[in-house]
Amino acid sequence: MLATGFKREKRDEKEQRETRYMDLPFQPPRIYTVSALTSEIKSLFEQAFDFVWVEGEISNFASPSSGHYYMSLKDENAQIKAVMFRMQASYLRFIPEDGMKVIARGRIGIYEPRGEYQIILDYIEPLGVGALAAAFEQVKKKLSLEGLFDEEKKRPIPFLPKRIAVITSPTGAAIRDFLRISHRRMPNLDITIAPARVQGDEAAGDIVEALDMINRELDVDVIVLTRGGGSLEDLWPFNQEEVAYAIRRSLIPVVSAVGHEVDLTISDLAADLRAPTPSGAAELVVREKETLERNLGDLSSRLEKALLGIMERIRDRLKSFSSRIRDPRRDLADTWLRLDEIYNRLIKTGKICINDNLKRLKAVNETLILSSPSSTMAMLSQELAFYSRSLVQALTGSLERKKGDIRSMSDRLDSLSPLSILKRGYSITRKLPEMNIIKDSTQVKTGDEINTVLARGSIDSVVKKADPGE
């Protein structure tokens, strides 16, 4: 009741004041409080500008810990402040940057405590390129600066892997193409499929989990990350930073085969090898068995021919060396052949002489028989006996001399042999370990080890004293 009465009194007082002002010749100005004026301006702005599209360049961009984006949009003549709250900012595929020209949508709002108007944004798109393309370039630039794409960090793909793990959708065309070409090229290859979603918001998490699981639990030689073609939105899970980090974190080499040949993703750049398509990945990773067998056969034939050629050249060199080295036994054999030839010639000459004398003796004997005088026969018999003895003695002496010459030549040959010299008490002394023959006592000193070769065996000894001699 008191409140109602108070309000009635106030209304009556206001009516009286307005009645008094109406009696004046002019209307008084309406006086606003700051809050009331700001509120009315805000109402007018919000009614006139529900949602607007604005084109401009971003400046003074800030992203505090709250997750909101604060910035200014400007052109050559003016600028306006803008804000995008965390909820809307989380849907952006890229991060705004100073100097980026954009098209933005929002509603005009007034921040009453400061009396400033601004655009409250709910969508931003880079001018000239799509949001996904801008986000791709941002991620690519960031990871490149971190060194994730450096060629020296990429691991070699095994030449002939025995076990392969494939991360992809088990129902997609990519795995069918990969398996078909792999089994055609190498039928007995062990291929493990790690199922993962390759499209959608949760696909990146599946890919990262599959990579970590393979490294943790499977014993494979190479990992193939693949899916078929699609739009940039379809391939977006392969452009996530966490996928790139998981690829570089993998201890097993990773091959990325995403989309078609014209498609390029962050996983392609981070992987150890990029294949243009899933089929191309199978051709790059899996060697063709028939080609390998044919190459091995060719290499084997070439190796065999090369070895035969090397052996033939070594055999020719050995023959050349052996022809240059004269064997002492060959000289000895030649000497024995010459001695045999001389001996045979002597025997032949002796036989000829004996035959000739026997012929003459026979002629004389016939002459004696024909003449038949006994004295002459006796004398002739004596002469014959004398000549016969002389001839025998001469032949015997000649044979003995020839045998002496033969023994002398044999002794000379034996004396020239190093073994004969050793048998007479001589020896050959060599310095160890060089095995150099010692001809002068100055070649050794006290404490040196020497080896003495005898006619039979050898002696190792140590020099106690080396006398230079006169």
> Does the range 97-120 contain any residue that is within 30 Å of V255 (Cβ to Cβ) and either surrounded by 15 or more Cβ atoms within 10 Å (Cβ to Cβ) or in contact with a Lys or Arg (Cβ under 8 Å, 6 or more places away or on another chain) (or both)?
Replying inline: no
>> Being among the charged types (D, E, K, R), surrounded by 14 or more Cβ atoms within 10 Å (Cβ to Cβ), in the same structural domain as I175 (by TED's automatic domain parsing) and not in a loop (DSSP other than H, G, I, E, B) narrows it down to one residue among D206, D212, D234; which is it?
In response: D206
> List the pairs whose first member sits in the range 253-265 and is in the same structural domain as F238 (by TED's automatic domain parsing) and within 9 Å of L235 (Cα to Cα), whose second member is assigned to a loop (DSSP other than H, G, I, E, B) and not hydrophobic (A, V, I, L, M, F, W, C), and whose Cβ atoms are under 6 Å apart, counting only residues at least 6 apart or on separate chains?
Replying inline: V258/T265; G259/G229
> Can you tell me how many residues in the range 259-294 are assigned to a loop (DSSP other than H, G, I, E, B) and at pLDDT 80 or above?
Replying inline: 7
>> For the range 457-469: of the residues being at pLDDT 85 or above and not β-branched (V, I, T), which is farthest from R424 (Cα to Cα)?
In response: K464
>> Quick test of your reading of the structure: S256 fulfils all but one of (1) touching a Lys or Arg at 6+ places or on another chain (Cβ under 9 Å); (2) surrounded by 16 or more Cβ atoms within 10 Å (Cβ to Cβ); (3) in a helix (DSSP H, G or I). Name the failing condition by number.
In response: (3)
>> Any residue in the range 51-67 that is under 14 Å from D122 (Cα atoms) and hydroxyl-bearing (S, T, Y) sitting within a Cβ distance under 9 Å of a residue that is exposed (fewer than 12 other Cβ atoms within 10 Å of the Cβ) and modelled with pLDDT under 85? List the pairs, counting only those 6 or more apart or interchain.
In response: none
>> Let me confirm something: among S420, S408, S415, which residue is surrounded by 13 or more Cβ atoms within 10 Å (Cβ to Cβ) and more than 56 Å from the chain's Cα centre (by Cα)?
In response: S420
> Looking at (1) in contact with an Asp or Glu (Cβ under 8 Å, 6 or more places away or on another chain); (2) farther than 20 Å from K153 by Cα; (3) at pLDDT 85 or above; (4) surrounded by 22 or more Cβ atoms within 10 Å (Cβ to Cβ), which is the one condition that is false for T226?
Replying inline: (1)
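Any residue at all in the range 372-390 that is under 30 Å from D467 (Cβ atoms) and touching a Leu at 6+ places or on another chain (Cβ under 9 Å)? Talk me through it step by step, then tell me what you get.
Of all residues in the range 372-390, those under 30 Å from D467 (Cβ atoms) come to none.
Checking the range 372-390: not a single residue is under 30 Å from D467 (Cβ atoms) and touching a Leu at 6+ places or on another chain (Cβ under 9 Å).
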> Of the residues in the range 423-470, how many are within 30 Å of S410 (Cα to Cα) and surrounded by fewer than 10 Cβ atoms within 10 Å (Cβ to Cβ)?
Replying inline: 5
>> Among the residues that make up the range 105-120, is at least one of them farther than 20 Å from D201 by Cα and in contact with a Pro (Cβ under 9 Å, 6 or more places away or on another chain)?
In response: no
> Only one residue in L179, L121, L127, L132 is modelled with pLDDT of 80 or more and closer than 30 Å to R86 by Cβ. Which one?
Replying inline: L121
>> Which pairs turn up if I take residues in the range 296-316 that are assigned by TED's automatic domain parsing to the domain that holds L160 and without any contact (Cβ under 8 Å) to a residue 60 or more places away in the chain and look for partners that are of a type in the set (D, E, K, R) and exposed (fewer than 10 other Cβ atoms within 10 Å of the Cβ) with beta carbon separation below 8 Å, at least 6 apart in sequence or on another chain?
In response: none
> Quick one: which of F136, F178 is within 30 Å of A104 (Cβ to Cβ), buried (at least 19 other Cβ atoms within 10 Å of the Cβ) and of a type in the set (F, W, Y)?
Replying inline: F136
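The values are calculated or read from the model by the stated rules, or taken from the named source; none is laboratory data. Quick caveat, the model's predicted, so the values are computed rather than measured. Positions of Cβ are backbone-derived with ideal geometry, glycine not excepted, and every protein chain shown enters the neighbour counts.
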